[in-house]
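What follows draws every value from the coordinates through simple rules; no lab data is involved. Computed from a predicted model, the values in this text were never measured in an experiment. Cβ placement follows ideal geometry from the backbone for every residue including glycine, while neighbour counts extend to all protein chains displayed.
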Amino acid sequence: MLRVEIGDLERGPVEISGSVAVDDPVLEDVGFELAEAVAVSGRVSMVTLGRFFWRGRLVTEVRGLCRRCLAATSASVDAAVAVMFAEGKDPDDPSQYAIGPGAIELDEAVREELILATGPYLLCREDCKGLCAGCGTDLNKRSCDCQPPTDLRWAGLQAMKTEFEE
Ligand SMILES: [Zn+2]
Ligand SMILES: [Zn+2]
C-alpha cells in the first residue's frame, strides 16, 4: 500500500518512490496484463487544508490486445499523472480521489490512472490499420471488398451535379 501520512504533508511536500506489484489486488481486472510491477514516483503536496495534489509518473510494461486489430501485443507505459485528493470528495466527481483516515492512499489512483494511460499505448504498431468495420478482415494482412462508408452529404451533391450536367 502506497501511503503518505497527512501529518507529513502538513509539514511539506513528500517525494514518492515505490511500486505496486503485478499481483496486487488493486490491479485485478484492469483489462490488460502487467509484465512487471508499476513503478510509482513523483511528489505529493498540500494545496489547501484537506486538498492534496500528486504529480508524478507511472512506468510499467503491459501485455494486451491491440486496440485497433485485437492482436496480442505488449507496450511500455510511461505516463504522467496529475491528480487531486480531497477530503469529503464528491463521489460523482471522477477527477478527484478520496482520502483515507489520516493518510493518502495512492493505490486506487494508480489503478485508475494506469487504465486511462494504457489504452493509447496498446497498439501492435503505430500505423496499425485495424479491422474492417464491415467484414472484420484484418486490414494489416489483406484488403477486403467492402466499399468505404459513403458520406451521404457527398452522395447528395454528386446526384445534384449529375442532374445538372444532364
Ligand atoms: Zn493492431
Ligand atoms: Zn471489409
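In table form, for the structure just shown:
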item	result
Environment charge of residue 36, counting only residues whose C-beta is closer than 14 Å and scoring Lys/Arg +1, Asp/Glu -1	-4
Additional length obtainable on full extension of the chain from residue 80 to residue 126, 0.36 nm per residue less Cα span	14.5 nm
Virtual paramagnetic centre 7 Å along Cα→Cβ of residue 70, amide N under 18 Å, in region 94-129	122-125, 128-129
Region 7-69: C-alpha gyration tensor shape, a/c 1.5 cut-off, then a/b vs b/c	prolate
Cβ-based exposure ranking for 137, 118, in which fewest neighbours within 10 Å come first	137, 118
Stretchable slack from residue 33 to residue 140, in nm (0.36 nm times residue separation minus alpha-carbon distance)	36.1 nm
